[in-house]
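This report refers to the structure that appears directly beneath it.
The values are calculated or read from the model by the stated rules, or taken from the named source; none is laboratory data. None of these values were measured; they are calculated from a predicted model. In this analysis, Cβ positions are derived from the backbone assuming ideal geometry, glycine residues included, and neighbour counts consider all displayed protein chains.
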Amino acid sequence: MKRTGLYLICSLLLLAGCKNGNEQKEEESIFAEQEQTVAEVDTMVIHRQTFQKQLLCNGRLVAIRKADLQCPKQGEVLQRVLVQNGQRVSQGALLAVSDTRDRTAELEKTQHDLERAKVELQDKLIGLGYDGDLTHVPADVLHRAEITSGYYSTRYQLEAVRKALNDCRLYAPFSGRIANLEARPHQAGTKFCTLIDDSFFEVEFKILEAELAFIQKGQTVKVSPFVHEEETFEGTVTEINPTIDERGLVAVKARVKNTSDTLMDGMNVRVVVENAVEQQFVVPKEAVVERDGYHVIFLYDPKTQRAVWTYVDIAYINLTSFAITGCEKKETELHEGEIVITSGNLNLADDTEVRVSEEK
């Protein structure tokens, strides 16, 4: 009996110890959860600064010069094609040569005919009492002798044959890139290729009638291809069409210098037109959330370490930021030097305790 009572007392002590240990763990877990509910946020101090107001448009690139080149001696067989699609060529570069055998033979024959006509010319001049030195023959006498000897017509024929031989070669009329190459060696054809001068592009885009005051000739625009959004090219507005179409849009053109191989004729691009607006409170877009149909930011109170719900109006927008003011309907105001919560604000409420994350 004594041994049984001893076992009972030990068991009760063990149960009491386990209970106390479990209660302590539960209390620690509750404290840990309470600590975890304190939201960690990033902040920034707002100051009045210049905001880059942006007008966003979609546009299309058009090469500054483009020409459809025809095969030399259309319909005749091409002897050589010296370029390929995508190749850059300089002005005057030889692109293709058609079959020259017949014209080469004709050139040799005409050169022989000219030698024979030259001999006939000298004989005529000697018969007229001149020694054959053409520099001492009067111009009118020389001209008649060239015609009657056949020298004049043969020389003209030689020039024509040389031109026909040169026409068997296709040269680049300007520097550019080969595109839409259709011709093939040893085949007859008409169209050879399209030559594109892509040193500059014109970007065509449209704006609303209400946005006309935002843009003017000579203004700088930024152009980014949709397939390479990280690349940006600067251009200048060159033309504003002085008419409004049936949809209330105005056509605008800007010229963009091509500084890489990224831009291509016909490419779709994003066009950003910027205007600087002074004295604005600027915050990243992530700092503004929508609540109850209004735009809201959370200010950080360093004394209480709590978030303060504040209604705002958005004055201007660009790709990354908002220019904000106090909300007119809610009669709120913003002040220089206030601290705005810029992240971790999606689940915040007014007077929520927050902790500012340490700077990395």
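Being loosely packed, with under 15 Cβ neighbours inside 10 Å and not assigned by TED's automatic domain parsing to the domain that holds V89 narrows it down to one of L208, L263, so name that one.
On the way: L263 fails: loosely packed, with under 15 Cβ neighbours inside 10 Å.
Of the residues listed, the single one that is loosely packed, with under 15 Cβ neighbours inside 10 Å and not assigned by TED's automatic domain parsing to the domain that holds V89 is L208.
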Worksheet item: Would you pick out the residues in segment 332-360 that are exposed (fewer than 12 other Cβ atoms within 10 Å of the Cβ) and either closer than 24 Å to T50 by Cα or among the small types (G, A, S) (or both)?
Response: E333, H335, E336, G337, A349
Item to complete: Could you please find all residues in segment 319-339 being within 20 Å of K303 (Cα to Cα) and touching a Phe, Trp or Tyr at 6+ places or on another chain (Cβ under 7 Å)?
Response: L334, I339
Discussion item. Yes or no: segment 36-57 includes at least one residue that is more than 30 Å from E336 (Cβ to Cβ), surrounded by 12 or more Cβ atoms within 10 Å (Cβ to Cβ), of a type outside the set (F, W, Y) and modelled with pLDDT of 85 or more.
Written reply: yes
Worksheet item: Taking S98, is it within 30 Å of R65 (Cβ to Cβ), hydroxyl-bearing (S, T, Y) and surrounded by fewer than 13 Cβ atoms within 10 Å (Cβ to Cβ)?
Response: no
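Going through V269, V296, V273, V282 one at a time, which residue ends up being touching an Asp or Glu at 6+ places or on another chain (Cβ under 8 Å) and buried (at least 17 other Cβ atoms within 10 Å of the Cβ)? Before you say what the answer is, go through the steps one by one.
Values: V269 fails: touching an Asp or Glu at 6+ places or on another chain (Cβ under 8 Å); V273 fails: touching an Asp or Glu at 6+ places or on another chain (Cβ under 8 Å); V282 fails: touching an Asp or Glu at 6+ places or on another chain (Cβ under 8 Å).
Going through V269, V296, V273, V282 in turn, just one is touching an Asp or Glu at 6+ places or on another chain (Cβ under 8 Å) and buried (at least 17 other Cβ atoms within 10 Å of the Cβ): V296.
Condition check: surrounded by fewer than 12 Cβ atoms within 10 Å (Cβ to Cβ) and either under 30 Å from V312 (Cβ atoms) or of a type outside the set (A, V, I, L, M, F, W, C) (or both). Does S90 satisfy that? Please lay out each step first, then the result.
Details: surrounded by fewer than 12 Cβ atoms within 10 Å (Cβ to Cβ): yes; either under 30 Å from V312 (Cβ atoms) or of a type outside the set (A, V, I, L, M, F, W, C) (or both): yes.
So S90 passes the test.
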Worksheet item: Among the residues of segment 105-127, which ones are within 19 Å of R169 (Cα to Cα) and surrounded by fewer than 13 Cβ atoms within 10 Å (Cβ to Cβ)?
Response: A105, E108
Fill in: Qualifying position, being loosely packed, with under 13 Cβ neighbours inside 10 Å, outside the structural domain of N241 (by TED's automatic domain parsing) and of a type in the set (G, A, S), among A160, A164, A179, A145
A160
Practice prompt. Could you figure out which of (1) touching a Ser or Thr at 6+ places or on another chain (Cβ under 7 Å); (2) under 30 Å from R162 (Cβ atoms); (3) part of a strand (DSSP E or B) isn't true of K73?
Written response: (3)
Practice prompt. Using the structure shown, decide if F192 is surrounded by fewer than 18 Cβ atoms within 10 Å (Cβ to Cβ) and either touching a Lys or Arg at 6+ places or on another chain (Cβ under 6 Å) or closer than 16 Å to V83 by Cα (or both).
Written response: no
Worksheet item: Out of (1) assigned to a strand (DSSP E or B); (2) touching a strand residue (DSSP E or B) at 6+ places or on another chain (Cβ under 6 Å), what's the single condition that is false for I244?
Response: (1)
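Residue under question is G150, and the condition is that it be buried (at least 16 other Cβ atoms within 10 Å of the Cβ) and on the phi > 0 side of the Ramachandran plot; does it hold? Working first, answer last.
On the way: buried (at least 16 other Cβ atoms within 10 Å of the Cβ): yes; on the phi > 0 side of the Ramachandran plot: yes.
So G150 passes the test.
Quick check on segment 143-156. Is at least one of its residues acidic (D, E), in contact with a Phe, Trp or Tyr (Cβ under 7 Å, 6 or more places away or on another chain) and more than 15 Å from K191 (Cα to Cα)?
Residues of segment 143-156 acidic (D, E): 146.
Cutting the leftovers down to in contact with a Phe, Trp or Tyr (Cβ under 7 Å, 6 or more places away or on another chain) gives us 146.
From what is left, the residues that are more than 15 Å from K191 (Cα to Cα) are 146.
Within segment 143-156, one or more residues are acidic (D, E), in contact with a Phe, Trp or Tyr (Cβ under 7 Å, 6 or more places away or on another chain) and more than 15 Å from K191 (Cα to Cα).
I'd like to check which strands (runs of 3 or more DSSP E) are fully inside segment 252-360 and have at least 3 residues that are touching a residue at least 40 places away in the same chain (Cβ under 8 Å).
268-284, 294-301, 306-317, 321-326, 339-343, 354-356
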